[in-house]
Every structure is written in structure tokens, then in C-alpha cells.
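> Below: one structure in C-alpha cells.
The values are calculated or read from the model by the stated rules, or taken from the named source; none is laboratory data. Please read all numbers here as calculations on a predicted model, not as lab measurements. Note that each Cβ is placed from the backbone with ideal geometry, even for glycine, and that neighbours are counted across all protein chains shown. For the accessible areas, the whole protein counts, side chains as well, though only heavy atoms, and no ligand, DNA or RNA atoms are used. Shrake-Rupley method; radii C 1.70, N 1.55, O 1.52, S 1.80 Å.
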Amino acid sequence: MLKKTSLALAGAALFLAWNGLLLLFLWSRPGAVPGAQNAKNPQNSPLLPAQLLQLAQDAEAELRLQRELLLQIQRFSQMRRQKTPKPPQSDAEEAPVIPVLVLACDRSSVRRCLDKILRYRPSARRFPVIVSQDCGHAETAKVIASYGAAVAHIRQPDLSDVAVPPEHRKFQGYYKISRHYRWALGQVFRTFRYRAAIVVEDDLEVAPDFFEYFQAVLPLLQRDPSLWCASAWNDNGKEGLVDAARAELLYRTDFFPGLGWLLLAELWDELEPKWPPAFWDDWMRQPEQRRGRSCVRPEVSRTMTFGRKGVSHGQFFDQYLKFIKLNDRFVPFTQLDLSYLKKDEYERFFLQQVYSAPEIKLDELQKGSGRDLGPVRLQYRGRDSFKALAKALGLMDDLKSGVPRAGYRGIVSFVCRGRRVFLAPPSDWTGYDPSWS
């Protein structure tokens, strides 16, 4: 704008200067100034009316010429603006808005979660934070309110008990959580009309590149129908089971990880009509919901949980969750080529990598250090075989609808004694057996 104003002023100054010189020239012509002629020759008569008329006509013609020239310059300038393409938008203008939905209840420690989210988010406009609170807990509400306009605080209106089957009376909390999820996601996608959202619970702490990761994987979800979510979580992401030096590694997984995950509005359109009354995360892991689709997950988790106390009464927390390695260095995911995660390309290189690795036995793997050795494969042939190997290696050994945690086509990738290991079924694997639970 400043540049355009300067050009306009310069043009006006040039126009005035030109016409000033023109008038000076015309007035300096012989007989143009009556007083000058009379001073030299007092006997000369004043300037004749015909001469004055001619002078005025000459000046008017010259001014018309200059005006036409100015209009031509203006029209040319407009044509240039129309033909010149607009400069590309900045990254901030092009980047989509992805809200972070924080599900809260009665943990005043939600402050730890929100502090890290607000600290690491690169833009308040692109990543608005919505805290949805259930339970009506006054102290937690006070903590959320203390952030003022930095977060949007919405409240689940229905705090009543849920009617549950008698045998599920002790699971009342799971029913309320599922009801809260449905209401909160409905607000994000129906009321606020967002096209994607990151879901976080109030007991999660995020990594420095949490937002960078989700910003980079969003286009994958939008373009690849074989993906239905992206998660910040690696179920087998304990220290010693991951390669912290390769924090940029991403995988496809058939197991819904949760714990900081991204979904599109189109997926909510699909899930909302059949949303379950309870145990929503295990429901997501059923074949009827997954429908052969996968999620993206990282080698090193971009979230960690600090919430031992909850409706699950610390299930898995002391044995697994509190040992999850949280990534501590920034990976510029938006500058990396993530096309290898497309289904066809991923299966081509990943399956070749797995089944070209030499097969070894558990006792061989447990001997010494393998830091200078290549990847190896441990093979299992049934549910019991998988669970025994997983337990011996410190992996999570439970299965949901036959799918192992962090697994893809039955394969679980991890690190043991510094060596890449693939816990894998035979190469003629034909699919998951839902009876493996």
C-alpha cells in the first residue's frame, strides 16, 4: 500500500511539474505578458483579444493531451495488475485450521496438559484449543477459566447417571466418557463446523513437534482412504523399545492407538450415528468400524500420559504407560516426504524389509548387544506364541479383535538391545483372527 501511494504522489508531482513548465513556456512567448511589452515599447497597444484566445486554446489543447496521457498510464497500470498473478499465500494463510479438543473432567492437573499445548502450538489461529468439561468439577473449571481467551471452555450439559445394564454398574464411568466424547465431537464438527480435529485427554503431555506432526500427516488422511486416523502414540513406545535417534520414523498400524489422535469430519459423519454407549476406544478397534483401514503412528510417541488415576484404575499404567518415551527434539515433518506411508508404497518396502530380515530365535536375540547388526525377525504362529514372545520382550501382549498393539499386517516393529526387530507372522499371513482376544 505504501509503495502504491508513493507512486501515485510521484505521478501527480510529475504531472504538475510538466504543466507548470508548459505554462511558463506559453507565458514567455512574445506578446504573452502585456506588461512586459508595454515596458519596452510604451507605444505598443495591449495584447489583442485574438492573441489571448489563441493562447488559451493552446494551453487547453496541451492540458487535454497531458490528461489523455495520464489516463493511458492509469489504464496500462490496471492492465498490468490484472495480468500479473497474485503472489502465493504464506504458509500461515494456506495452512488449514485444526482445533485441539481437550476432554476434561475432574483433574485440576489439566493445567499441565494445557500449558504444554499452549507453549508448543505455532499459531493460535490455526490451532484453537477447545476444552470440553464433563463432571461439573468446580476446581477443574476454575483452572480452565484461568486461561481466559487462550482456550474455549465448553461444558457437557448432561451430568446425570447413564442407565446401564446391571452387570455394567461398575462401568458407569465408561458410559459417561463415551457420552461426553459424542457430545464434544458433535460440538466440534456440527456446531463449530471444523473439518478436522485433534483429540487429547486431560492427562496427556505433548511433545515439542506435536503440532508439526499432525500438520504434516493431515494431507495423508485427506488423500488416502485406506487411512482413517493419525495418532501421536506408540503403544510399545517404552524407553529401550524405540530408536530415539530416528524420531522422524512413522508407521502404518492396524491398531487404533488413541491418546492424541487426528480425525476428519467425514469420519465423524460415519461414526456418529452408531457411536457406542461405552468402551468407545475398543469399539473403534472392531473390524466393523476399522473396515480394513489403518492409522499413522510414530516411532517415538508425541504424547505421554501422567494420569494414573482414572476410570481404568491405572490399568497398564505402572507396567507400561509411565515408561513411554516422549520425543524431546523437533522434527520438521512438514518438510519431509511422507509419501512412503501411502498403502501400496508402504507395503512394498515395509514387507520386503520385514521378510528379508533373517529369522532368529528369542534366545539368540537376547544374547549381547546388537547395535552394529542389522534387523532380524522373530516369527509367531498363533495367539499363544505371540503373547509369549511379546511378554518376554516387554511388549504389550493384549490383542483387540486379533490385532496386536502397534501392529501392521500382524507385524510389530520395535528395538531390542539396540537392534531393529520385527515380531511377525509367516509371510503367507491371510488376515486377523478376531477370536484372538
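> Tally time: how many residues in the range 416-437 are surrounded by fewer than 21 Cβ atoms within 10 Å (Cβ to Cβ) and more than 18 Å from PRO287 (Cβ to Cβ)?
Result for the range 416-437: 9.
> Mind telling me which of the residues ASP254, ASP243 ends up being among the acidic types (Asp, Glu), over 22 Å from TYR174 (Cα atoms), in contact with a Gly (Cβ under 7 Å, 6 or more places away or on another chain) and in the same structural domain as THR305 (by the TED database)?
Values: ASP243 fails: in contact with a Gly (Cβ under 7 Å, 6 or more places away or on another chain).
Residue meeting the stated conditions: ASP254.
> Follow-up question, since we're still on this one. Quick one: would you say GLU266 is assigned to a loop (DSSP other than H, G, I, E, B), open to solvent by 50 Å² or more (accessible area, probe 1.4 Å) and either over 29 Å from SER109 (Cα atoms) or acidic (Asp, Glu) (or both)?
Details: assigned to a loop (DSSP other than H, G, I, E, B): no; open to solvent by 50 Å² or more (accessible area, probe 1.4 Å): yes; either over 29 Å from SER109 (Cα atoms) or acidic (Asp, Glu) (or both): yes.
Taking the combined requirement at face value, the residue does not satisfy it.
> Could I ask something else about it? On the given criteria, is SER413 in a strand (DSSP E or B), of a type in the set (Gly, Ala, Ser) and either modelled with pLDDT of 95 or more or under 34 Å from the mean Cα position of the chain (by Cα) (or both)? Can you show your working first?
Details: in a strand (DSSP E or B): yes; of a type in the set (Gly, Ala, Ser): yes; either modelled with pLDDT of 95 or more or under 34 Å from the mean Cα position of the chain (by Cα) (or both): yes.
When the stated conditions are applied, SER413 passes them.
> Among the residues of the range 301-313, is there at least one that is farther than 16 Å from GLU201 by Cα, within 24 Å of the chain's Cα centre (by Cα) and assigned to a strand (DSSP E or B)?
no
> Still on this model: So for the range 231-242 (the condition being over 21 Å from ASP337 (Cα atoms), in contact (Cβ under 8 Å) with a residue 40 or more places away in the chain and basic (Lys, Arg)), does at least one residue qualify?
yes
> Could you say whether any residue in the range 352-363 is surrounded by fewer than 17 Cβ atoms within 10 Å (Cβ to Cβ), in a strand (DSSP E or B) and at pLDDT 95 or above?
Yes: one or more hits.
> Report yes if some residue within the range 265-274 is in contact (Cβ under 8 Å) with a residue 40 or more places away in the chain, under 16 Å from the mean Cα position of the chain (by Cα) and assigned by the TED database to the domain that holds GLU139; otherwise report no.
Among the residues of the range 265-274, at least one is in contact (Cβ under 8 Å) with a residue 40 or more places away in the chain, under 16 Å from the mean Cα position of the chain (by Cα) and assigned by the TED database to the domain that holds GLU139, which makes the answer yes.
> Something else about it: Return the residues of the range 283-298 that are more than 25 Å from the chain's Cα centre (by Cα) and outside any loop (DSSP other than H, G, I, E, B); say none if nothing qualifies. Give the steps one after another, and end with the answer.
Of all residues in the range 283-298, those more than 25 Å from the chain's Cα centre (by Cα) come to 283, 286-288.
Answer for the range 283-298, where residues must be more than 25 Å from the chain's Cα centre (by Cα) and outside any loop (DSSP other than H, G, I, E, B): TRP283, PRO287, GLU288.
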